[in-house]
Structures are given as structure tokens and as C-alpha cells.
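Since every read-out is calculated from the coordinates, none of them should be taken as a lab result. It should be emphasised that the depicted structure is a prediction, and the values quoted were computed from it without experimental measurement. Using ideal geometry, Cβ is built from the backbone for each residue, glycine included, and neighbour counts are taken over all protein chains shown.
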Amino acid sequence: MKLSKAQIEQFDRDGYLFFPGLFTPEETQNLNAAVPELYARREAYNVREKGKDAVRTNFAAHLYSEPFAKLARHPRMIEPVQALFGEKLYMHQFKINGKMAFEGDVWQWHQDYGTWLNDDHMPTERAMNVAIFLDDVNEYNGPLMFIPGSHRKGVVEAKHDLTTTSYPLWTVDNDLIRQLVTRAGGKDGGIVSPKGPAGSMILFHSCLVHASSSNLSPFNRVSVYLSLCAVSNHIRRYKRPEYIAHRDFTPIECLPDDCLLKPYPVDLPWKDGMPASALQTSLEELAEVAA
Ligand code: SIN
Ligand code: MN
């Protein structure tokens, strides 16, 4: 898939592009069908909501689930980002976020690159998020919210929030959010939330400030997020376990466009379980050396 000049200009201005219904129901059905079994696994890669059994985020399914391994190589997701960066990409992070009916908790205001810089020492912001909805997203089930144009601020100040939810995040404080929203148009377009059917896709800049509220509705809001990083911009520190921040910088090779409808061979290196090394962090290794 190729972005037009107008789309590239829109992306540069707003920091995101929305493609409603880009994948058909036939294409998403095998992805959807695989989620309950993945979420049922009692594995470190399933982070559950604080005090609850509902899964907040499943990590790295592209390494052990066939449908998601194919999605991770889909040209509709990879090619536009590769063209924008003029370089091959590797998978920095792969998530299936639940935001389950009644249980899905908030994602505080943040920039993803803030976390990738602070925790993973990713050198620059040459990394992109691609979201694909596996459920319809509406105003009730905690849609993503963006502050358009906020990516043009670069990296903004953030604090490490280890308590609000079950997942640590570098978050932006309310005063700065107020300023950014005012600058983006206040009540008139200062916050947007792309909504649409399952199969919709969003590309968004790694410095775009975003958040989502809790899901009090009876509708799940399962979405997949690929965080694609230019190979030359790979992370320099392994502070987080490998199932969260990947250490394999091999360039992604795309499958054909019909890969979600037909069988294609894919590598599933963690099919029989995660290697112990995927749980290790460089800080632990340093501690071991010191001991
Ligand atoms: C994220 O920011 O990584 C996830 C936000 C969401 O799923 O609402
Ligand atoms: Mn994020």
C-alpha cells in the first residue's frame, strides 16, 4: 500500500492517518478467533488489569501465533511505514490490547517514544505505531484519543507512573496536556478519537500524545498494535524483558497482500514457550555480574 502525497502531508501535520475498514471481516476473523485462547494462557506475556483477570495487554503473539505472525508481515501495515522512513523495519513491540467490556482500564496520556527512549534507549523517533481494530470502536468502549499535531513538539516531559494501572508508563502531566489541547484547537479539534469498524487501521507517530479512557460498555475493544522501528534505530538497552521490547533487529519481509486469507509458512520461534532469555534484562545481567 502506497501513501499519496496528500496523505503524507496530512500525516506530517496531524501525526496520524486513519483507514476505516481497511481489512475485511474475512481477513480479521482468524485473528479474532485466536484471541481468547491467547488471553487464557498463564504466561508472563499476558499482563492483566490491576486486580482483575481480564487481559490488558498480550505481548509478542507474532512469535507464537500463526494468524498474528502473518499480520506482523502484512504489506498494508509494513509498506507505508517503510516508505516513510526510507528503510527496512524490525518489530520493536507487538501487543494485543484487550480493553475488555466493563474491565478495560485507562491508558494515561503519553507518547510511546518517551518510553522507548527512557527505558530502551532507542536513539531517535524513527519508529511508528500501527493499530488495527479487531472489534468495532465506538465512543463507548474507550477509543484512543489523540492530540493532533502534538508529535511536532518532539519528546515532551514525562514522569514514570508505576501505580495508576498494571503497566508502567512514562506519562505527561495535566498542565502540559491542557496546553497541547488548547494549541491543537481546544474544544474544536484539540482531541480526536478515530472510531470505526473492526478491520480499521491507524498509523500514528511515536511522539503523538495519546490516551484512552476505561471501557464501561458491554463491548470489548480488542486492538493490535505493531510498533515498527527503522532497523538502524534499534534499541541500545535491554532494561525491559524481550517479550516487551524485542532484541531481534532482523528486517521484516512482507507476505503477499492476501496472507490473512491463505496459508503461508511463517516462523513461530516461541511456539513451544518463551526462551528463558526473553525474561532476562540487562540490569539483572549486570546484577549477576556484580554478585
Ligand atoms: C497504548 O497507548 O499503547 C495503548 C492505548 C490503548 O490501547 O488504548
Ligand atoms: Mn501508547
> Among Arg42, Arg221, Arg76, whose mean-square fluctuation peaks in a Gaussian network model of the chain (Cα, cutoff 10 Å)?
Replying inline: Arg42
> Given Cα pairs under 8 Å that are at least 6 residues apart, what percent is the relative contact order of region 198-291?
Replying inline: 34 percent
>> Give me Phe23, Phe249 sorted ascending by neighbouring Cβ count inside 10 Å, so fewest comes first.
In response: Phe249, Phe23
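Past 19 Å, Cα to Cα, is the threshold; run Lys70/Lys262; Lys153/Lys239; Lys159/Lys239; Lys70/Lys271 against it and keep the listed order.
Lys153/Lys239
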>> Test of understanding: ordering Met128, Met201 by Cβ neighbours within 10 Å, fewest first, what list do you get?
In response: Met201, Met128
> Whole number please: convex hull volume per residue of the Cα set in the chain, in Å³?
Replying inline: 135 Å³
> In Å and whole numbers, how far do the C-alpha atoms of region 65-138 stretch along each principal axis, longest first?
Replying inline: 41, 30, 24
>> If the elastic network links every pair of Cα atoms under 10 Å, which of His160, His205, His74 fluctuates the most in the Gaussian network model of the chain?
In response: His160
>> List the residues, sorted by chain then number, that are 5 or more residues from Thr57 or on another chain and whose placed amide H is less than 5 Å from its amide H.
In response: Val47, Gly98
>> Eigenvalues of the Cα gyration tensor times 5, then square-rooted: what semi-axes does that give for region 1-42, in whole angstrom, largest first?
In response: 33, 14, 7
> For region 1-144, what is the relative contact order in percent, using Cα pairs closer than 8 Å and at least 6 residues apart in sequence?
Replying inline: 22 percent
>> Run the numbers for Gln10 and Glu79: contour at 0.36 nm per residue of separation, minus the present Cα-Cα distance, in nm.
In response: 23.1 nm
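Which of Glu49, Glu26 has the fewest other C-beta atoms within 10 Å, and how do the rest follow up to the most?
The order, fewest Cβ neighbours first, is Glu26, Glu49.
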> Using 0.36 nm per residue, how much length does the chain from Glu253 to Tyr140 gain when fully extended, once their Cα-Cα distance is taken away?
Replying inline: 37.0 nm
>> If each DSSP helix of 4+ residues adds -39,500 (n - 2.57) and the sum is divided by the residues in the chain, what number results at 222 nm, nearest 500 deg cm²/dmol?
In response: -7000 deg cm²/dmol
> Can you give the relative contact order of region 117-187 as a percent, counting alpha carbon pairs under 8 Å and 6+ residues apart?
Replying inline: 22 percent
